[in-house]
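> Before I ask anything, here is the structure I am working with.
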Amino acid sequence: FKQLLRMEFNTNTNKSIDFKIKIVNCDKKLMCDKRGEEYEPKYVDKIFKHGRQYDPCAEIETYVVIIEKDENEKDINNDDGDSKDKDENELHDNDNDVDNDEQEILDNISWLNECNVVSRMSPTDIYYHIKLIHSQCSFHEIENELNGPMGGGNNNGMAYHHGIHNAMNENYNSFDEIASELRENNINGARVLEMKWSNWEMLHELNRYDPDHQDFVEDIILDFFFPFITGELLSNIMAGKIKENDGVSIFDQEQMRTKFTLCIDYGLFSMRSPILQCFIKVCELSDCEKLLLIHKHLSVDVVVGQYSSMHIAAWRGKFKLLELLTKYGGDPLKVNKTNETAFEAGRKYPAKLKWFYAKFPQYAQ
């Protein structure tokens, strides 16, 4: 694609032009509205909950941005820790020259870039994402691995050993195997995005000309190239979900579990109703603990809308959850839109506040 573009540009100009291609995500409706294009929504049904009506999650589209390089500009190494910031700067270099509509688009692209955590995923994150979405192993097996001595990601994982060396494990499938091989070869999220067919063939004895192998690899890479497809589905489900007291974990519900992509920051997405905020409203503490255990890229203390997830936990009196969110790395002293900390949001629970301060004396007044 890049070669074709270069041929087109160089044919129609008097000078040789070098450029780089950046793939970005943006709210499709926003893009259509700002550019005067007709928008046909993918989701036409409203979400109903407790007698109220809500709009579905914004539809996220993927776009190609072509950025012309300066003659003196050096190629940006994708492995450079600052490459993300450099890419952001390229998109915002001409912020002073854009109008409000274009700025809104740029801001939306920047925000969705924060929501997309694929480039920050470790080999262990990749491993558990594939296990969670594609494996036939029960979540109980995955949870045992997370809690066990092999959960730290320093080896191939229990599922690898059980599947390869124990033929009795009938739940072990090809996705478990490829997940283990990716982790064994230290393949992180950024590397997955760069892998070519030759890499997959070397890794897993796949054949690019075999239709079944093509479908197999496509199922995996679509998760990482287009994470918002699954993120939108999960967002809509969680926004309309009501609290259930049946004692069944949400991760044991197959239709739900296959939507829990680890490629999206639930604390940020979606902006109208972040998945994490919806999750802690309707799910039991045990499921919240499971989510925090398996998902390592959650913005638990970032205010989206009026509150952060920590404010909601405190306001609802869920101080054991607030404890988990604090241990996860959240800051209960961050203020919401009304300038309240999580403690102030939960001030109607003095006994629970006292219990929390006993756990974290550094926050005691």
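The values are calculated or read from the model by the stated rules, or taken from the named source; none is laboratory data. Model, not experiment: these values are computed from the prediction. Cβ: placed from backbone, ideal geometry, glycine included. Neighbour counts: every protein chain shown. Ligands, DNA and RNA are excluded from the accessible area calculation, which covers all protein heavy atoms including side chains. Shrake-Rupley method; radii C 1.70, N 1.55, O 1.52, S 1.80 Å.
Residue-by-condition table, conditions (1) of a type in the set (A, V, I, L, M); (2) under 23 Å from Ser270 (Cα atoms); (3) modelled with pLDDT under 95:
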{"position": "Ser198", "(1), (2), (3)": "no, no, yes"}
{"position": "Met202", "(1), (2), (3)": "yes, no, yes"}
{"position": "Leu206", "(1), (2), (3)": "yes, no, yes"}
{"position": "Asp212", "(1), (2), (3)": "no, no, yes"}
{"position": "Val217", "(1), (2), (3)": "yes, no, yes"}
{"position": "Leu234", "(1), (2), (3)": "yes, yes, no"}
{"position": "Ile237", "(1), (2), (3)": "yes, yes, yes"}
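Every residue, every condition in (1) farther than 20 Å from Lys34 by Cα; (2) at pLDDT 90 or above; (3) not in a loop (DSSP other than H, G, I, E, B), yes or no:
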{"position": "Ala58", "(1), (2), (3)": "no, yes, no"}
{"position": "Asn78", "(1), (2), (3)": "yes, no, no"}
{"position": "Leu91", "(1), (2), (3)": "no, no, yes"}
{"position": "Asn108", "(1), (2), (3)": "no, yes, yes"}
{"position": "Asn113", "(1), (2), (3)": "no, yes, yes"}
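> Also, I was wondering about something else. In this structure, is Asn171 outside any helix (DSSP H, G or I), without any contact (Cβ under 8 Å) to a residue 24 or more places away in the chain and surrounded by fewer than 19 Cβ atoms within 10 Å (Cβ to Cβ)?
It is false that Asn171 is outside any helix (DSSP H, G or I), without any contact (Cβ under 8 Å) to a residue 24 or more places away in the chain and surrounded by fewer than 19 Cβ atoms within 10 Å (Cβ to Cβ).
> Something else: Quickly run through region 224-237 and pick out the residues that are farther than 20 Å from Tyr43 by Cα and buried (at least 17 other Cβ atoms within 10 Å of the Cβ).
Selection gives Phe224 alone.
> Can you pull out the residues in region 306-326 that are over 14 Å from Leu285 (Cα atoms), in a loop (DSSP other than H, G, I, E, B) and open to solvent by 10 Å² or more (accessible area, probe 1.4 Å)?
Gln306
> Identify the single condition in (1) surrounded by fewer than 22 Cβ atoms within 10 Å (Cβ to Cβ); (2) within 28 Å of Phe48 (Cα to Cα) that Ile264 does not satisfy, given that it satisfies every other one.
So Ile264 meets the others, but not (1).
> Would you call Leu333 more than 21 Å from the chain's Cα centre (by Cα) and either part of a loop (DSSP other than H, G, I, E, B) or not aromatic (Phe, Trp, Tyr) (or both)?
yes
A quick yes/no check of all residues on (1) outside any helix (DSSP H, G or I); (2) modelled with pLDDT of 75 or more; (3) farther than 30 Å from Asp99 by Cα:
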| position | (1), (2), (3) |
| --- | --- |
| Asn10 | no, no, no |
| Lys15 | yes, no, no |
| Ile21 | yes, yes, no |
| Lys29 | no, yes, no |
| Glu40 | yes, yes, no |
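> Moving on. Just one of Gly330, Gly346 is within 30 Å of Gly148 (Cα to Cα), out of contact with any strand residue (DSSP E or B) (no Cβ under 8 Å at 6 or more places or on another chain) and open to solvent by less than 40 Å² (accessible area, probe 1.4 Å); which is it?
Gly330 is the lone residue from the list that is within 30 Å of Gly148 (Cα to Cα), out of contact with any strand residue (DSSP E or B) (no Cβ under 8 Å at 6 or more places or on another chain) and open to solvent by less than 40 Å² (accessible area, probe 1.4 Å).
> Spot the failing condition for Ser273; the list is (1) at pLDDT 95 or above; (2) buried (at least 18 other Cβ atoms within 10 Å of the Cβ), and only one is missed.
Tallying (1) at pLDDT 95 or above; (2) buried (at least 18 other Cβ atoms within 10 Å of the Cβ), Ser273 fails exactly one: (1).
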